[in-house]
Amino acid sequence: MNEVKHRKLKISVLRYNPQDPESVPHMQTYELEEADGMTLFIALNEIREKLDPSLQFDYVCRAGICGSCAMLVNGRPALTCRQLTKDLGDEFTLAPLPVFELIGDLSVNTGKWMRGMSERLETWVHAKEQEIDLRRIEEPMDPELAEKLYEVDRCIECGCCVAGCGTARMREDFVGAVGLNKIARFKIDPRDTRSDDDFYELVGDDDGVFGCMSLLGCHDVCPKQLPLQTQIAYVRRKMVAMAFS
Amino acid sequence: MNRTLEVIAGSDLVERPRRSRWPARLDYLQSASGLVLALFMWAHMGFVSSILFGKNALWVVARTFEGYYFFGHRYPVIVSIAAAVVLALVIGHAALAVRKFPINYRQFRTFRGHMAMMRHGDTSLWFAQVVTGFALFFLASVHLYIIMSNPGKIGPYESSFRVWDQHLWPLYLLLLLAVEFHGGIGLYRLSVKWNWFGGSNPDEARHGLKVLKWAITVFFLAIGLATLATFIKIGITAHPIYGERYVPTWQQDALPGHGGQAAPVAGQPATTSQAGGAQ
């Protein structure tokens with residue numbers, strides 16, 4: 001049997017514990033032998049298991065569905081469970097997503113931010129209360145529309161688009177691509193009774209869609225390849241139309 | 001009472017239940033003013049670069065915009081008014097666009113850090129747009145004010161004297177670079193912002209737009225640099241006759257002793273151009 005020679009990876013991780021007043025952000029480098037089909041998620045677990053049990057990072061599903069494991073890989077937001085180490089050089093850096101509250105090392109609290117965004121934008125179907133009748137058969141939806149809806153509903157709220165957004169970095173109240181994508185999603189949903197006027201109340205200012213400067217960092221780093229550029233353009237057109245209505 | 005509105009507005013509230021439509025209008029106007037200015041810059045480059053086809057070509061273009069071929073007389077005030085309109089547009093666009101600038105050192109530092117770390121093309125291009133836009137506050141204003149306040153002084157010699165003898169070539173060189181990068185990036189950004197040419201494959205379209213954007217920038221920079229070089233060359237060779245107006249070749253033959261009346265300015269006695277100029 002041929003012995004396959006594996007690369008030695010040098011992974012520099014940004015370490016910092018905001019709970020500890022003595023802690024200063026610094027880079028710590030771990031050396032690790034690469035394995036076949038290794039993802040960053042596997043590499044990080046190996047580091048924690050064999051090299052440093054104190055290293056903090058998040059994960060749940062290991063399959064790009066839960067959105068917990070996003071971090072900066074070589075400065076760009078990515079999901080560690082989807083990032084193969086073979087697509088990276090021998091040396092690379094890992095850092096926590098900015099914008100979100102830092103828990104420690106690579107672990108951030110995206111949930112808190114996402115909850116705030118969801119409450120602010122009311123990201124749920126607004127049906128007319130009196131029409132809710134659980135015994136009635138649901139209105140059928142055109143399959144094409146359903147496809148379109150599910151396409152943008154694939155968002156896993158990992159926070160990559162927010163961390164990759166120059167506007168969100170500069171202006172903390174900016175709603176981000178994740179929020180604007182949700183507005184687009186509920187706008188095309190026929191079950192949602194909200195009008196453009198109602199959506200304008202939610203994103204019709206410089207913290208909303210008009211804050212977006214079209215840097216498209218969001219679109220280019222989205223691990224689910226959501227069509228964020230066109231979704232934001234769609235919301236922008238609809239909201240600008242309100243100015244002349 | 002008007003005071004009521006003042007008090008409500010001063011308290012950061014509005015006297016109506018729904019949100020203001022102004023953010024939408026401002027967003028639209030920023031894009032619209034930028035588009036008009038960028039398209040104007042393309043046309044402007046077309047007119048100015050006529051010098052590459054010879055002195056007569058620029059003379060004809062300049063006189064055309066003074067209405068000479070429509071009214072039989074030159075009305076340089078038309079050019080001054082046009083320059084004033086463009087200056088107003090520039091000021092309006094600057095006022096709208098400055099809302100997006102990093103507004104304090106913290107934002108500036110955060111964006112620079114983000115940009116260096118991300119190494120993302122469109123993010124870096126935005127910063128280039130901020131820098132060139134900031135430069136244009138000053139460069140474009142100086143240029144437009146000079147054109148506005150010097151009616152009738154656009155021509156092969158007149159412009160060359162301005163470029164060379166009046167030492168404006170460094171300003172024009174910087175202005176050219178700032179305008180071409182700012183306008184090119186701006187048009188690309190407008191296309192992706194409003195998804196104008198997205199079609200069925202917006203990612204492919206965006207890639208195409210980016211390539212086109214660079215091609216257009218290189219094209220206009222090449223023409224612009226050649227044009228500026230031509231003005232400098234004319235400025236140097238015509239230095240001994242500084243102040244003289246250019247007379248197109250077909251009028252030179254008709255005039256006795258090489259001096260005489262070039263296209264007359266409306267309401268002014270015909271000026272005589274003399275060899276040796278007004279030095």
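The values are calculated or read from the model by the stated rules, or taken from the named source; none is laboratory data. Bear in mind that the values here come from a model prediction, so they are computed numbers and not experimental data. Positions of Cβ are generated from backbone atoms using ideal geometry, with glycine treated the same way; all protein chains shown enter the neighbour counts. For accessibility, only protein heavy atoms count, side chains too; no ligands or nucleic acids. Shrake-Rupley method; radii C 1.70, N 1.55, O 1.52, S 1.80 Å.
List of remarks:
- Qualifying residue in the range A:185-198 (condition: within 8 Å of another protein chain (Cβ to nearest Cβ) and modelled with pLDDT under 95): yes
- Selected residue (criterion: most open to solvent (accessible area, probe 1.4 Å)) from residues of the range A:109-144 that are over 30 Å from A:Leu14 (Cα atoms) and in contact with a helix residue (DSSP H, G or I) (Cβ under 6 Å, 6 or more places away or on another chain): A:Thr123
- Entirely in the range A:148-241, the helices (runs of 4 or more DSSP H) that have 2 or more residues that are touching a Pro at 6+ places or on another chain (Cβ under 7 Å): A:160-163, A:166-170, A:228-241
- The range B:194-228 - residue that is within 14 Å of chain A (Cβ to nearest Cβ) and among the polar types (S, T, N, Q) and, of those, nearest to the chain's Cα centre (by Cα): B:Asn195
- A:His219 passes every criterion in (1) under 22 Å from B:Leu26 (Cβ atoms); (2) facing chain B (nearest Cβ under 10 Å); (3) touching a Leu at 6+ places or on another chain (Cβ under 7 Å) apart from (1).
- Boolean, B:Arg162 is surrounded by fewer than 18 Cβ atoms within 10 Å (Cβ to Cβ) and assigned to a helix (DSSP H, G or I): no
- Count of the range B:85-112 residues, restricted to those that are open to solvent by 40 Å² or more (accessible area, probe 1.4 Å) and more than 8 Å from chain A (Cβ to nearest Cβ), is 13.
- Options A:Gln229, A:Gln225: the member that is open to solvent by 30 Å² or more (accessible area, probe 1.4 Å), free of Cβ contacts under 8 Å to residues at least 60 places away in the same chain, facing chain B (nearest Cβ under 10 Å) and of a type in the set (S, T, N, Q): A:Gln225
- Filter result for A:Val162 (under 16 Å from the mean Cα position of the chain (by Cα), open to solvent by less than 10 Å² (accessible area, probe 1.4 Å) and either without any contact (Cβ under 8 Å) to a residue 24 or more places away in the chain or more than 14 Å from chain B (Cβ to nearest Cβ) (or both)): no
- In the range B:3-26, the condition of being touching a Ser or Thr at 6+ places or on another chain (Cβ under 8 Å), more than 14 Å from every other protein chain (Cβ to nearest Cβ), open to solvent by 50 Å² or more (accessible area, probe 1.4 Å) and not in a helix (DSSP H, G or I) is met by at least one residue.
- Only one of A:Leu102, A:Leu149, A:Leu106 that is open to solvent by less than 30 Å² (accessible area, probe 1.4 Å), away from chain B (no Cβ under 14 Å) and under 29 Å from B:Trp126 (Cα atoms): A:Leu106
- Each residue in the range A:1-24 was checked for being within 16 Å of A:Pro96 (Cα to Cα) and either more than 28 Å from the chain's Cα centre (by Cα) or open to solvent by 80 Å² or more (accessible area, probe 1.4 Å) (or both), and 2 pass.
- Residues of the range B:197-207 that are among the hydrophobic types (A, V, I, L, M, F, W, C) and either modelled with pLDDT of 95 or more or open to solvent by less than 40 Å² (accessible area, probe 1.4 Å) (or both): B:Ala205 alone.
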